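Asks: So that we are looking at the same thing, I have put the structure below in C-alpha cells.
The values are calculated or read from the model by the stated rules, or taken from the named source; none is laboratory data. Just so we're clear, the structure is a prediction, and the values are computed from it rather than from any experiment. Ideal geometry is used to build each Cβ from the backbone, glycine not excepted, and the neighbour counts take in all protein chains shown.
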Amino acid sequence: MSLAAETREAARARPFVLDALRAGVLNHSAAAAWLAEEADLGGDGDADADAIATALRRFREELPPYATTERAASVSMRSGVGVVDGPEADGSGDADPLLRVGGAAVVSEGRDTAILATGDVAGGGIDSDREGVTEPIFGCHVPHPDDRYEWFEGEAFGEHAFAEFGVVVDDALRPMGEGGTPEFSNLRAAGAVIGGYDYPAEKSASGVSIATGYATGRRAAREG
C-alpha cells in the first residue's frame, strides 16, 4: 500500500481528523507528524511527514465539504451539580436530571463545578434596560455607569463603555460581587460574558474565549 493510501486509511479511521480535514481547520504539518507515529505510517512510524502532509491536502480536495445542521441552542452556567448513573440517571431517582449523556446524568445536587456558555449583550448573556445592566442567570454584578448617556460615545468608533460590559472575575475566573468577593465558590465564567475588554475593536473574541474556556475547563476538571 502506498503512503498516500495509508494516510487516507489512517484519517478515515480517526473521525476527528476526517472532520477537521473536511472543515478546512486541520494543521496538516502537525497532523502528519502525529499520524506518522500514531498510525505507524510507512511500517516503522518513520515516514516522511512532508509526504504525509501532502497526502492529507490532496485527500481533502476529494472530500465533500463539512456541513452542520442549523439549530438554535439555549445555554447558561450552573454550579453545584453532580454526575450520577444507574436509577438516578434514568430519572427514577430523587433528582431530576439536568442532562443525560449515555448511561450517566448531570443532576442539580452535588459539589462539582459546571461551566456552560453564556455570551455578551448581543448573545443574551448580559441584559440591559433603562434600569441598568445585569447578568440574568445568577444575577452576578456587572459594573456600569449609572447614567445611560455614559454608556456610549458620540463617535461611531469611539470607546463605548457598553462594549466592555460583563462580569468581573478574579484570578480563578469566579464572577465577583460588588463588594469584591466571589459571588459563588464553584461558578466560573468564560468567554464574552466576562467584561473589561472591547472585542470588536481589539478583535480578541476568539482569543479570550479559547483562553478562558481552557482555564475554566481545567479548573472544573480538578475540582470535580
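Asks: For the condition under 28 Å from the mean Cα position of the chain (by Cα) and modelled with pLDDT of 80 or more, what is the one hit in 12, 71, 58, 8?
Replies: After applying the criteria, what remains is 12.
Asks: Something else: Identify, please: which residue in the range 127-156 is assigned to a loop (DSSP other than H, G, I, E, B) and among the hydrophobic types (A, V, I, L, M, F, W, C) and is, among those, farthest from residue 175 (Cα to Cα)?
Replies: Per the criteria, the residue is 156.
Asks: Now for a separate question. Go through 12, 8 for me and flag whichever is surrounded by 15 or more Cβ atoms within 10 Å (Cβ to Cβ) and of a type in the set (D, E, K, R).
Replies: After applying the criteria, what remains is 8.
Asks: I would also like to ask the following. Being out of contact with any Phe, Trp or Tyr (no Cβ under 8 Å at 6 or more places or on another chain), surrounded by 10 or more Cβ atoms within 10 Å (Cβ to Cβ) and either modelled with pLDDT of 85 or more or farther than 13 Å from residue 128 by Cα (or both) is the filter here; which residues of the range 144-164 pass it?
Replies: Matches in the range 144-164: 150, 153, 159.
Asks: Here's another thing I want to ask about it. How many of the residues making up the range 169-183 are closer than 12 Å to residue 142 by Cβ and out of contact with any strand residue (DSSP E or B) (no Cβ under 8 Å at 6 or more places or on another chain)?
Replies: The total comes to 2.
Asks: If you go through the range 26-43 one residue at a time, how many are among the aliphatic types (A, V, I, L, M) and either over 15 Å from residue 54 (Cα atoms) or more than 30 Å from the chain's Cα centre (by Cα) (or both)?
Replies: Going through the range 26-43 one residue at a time, the tally reaches 2.
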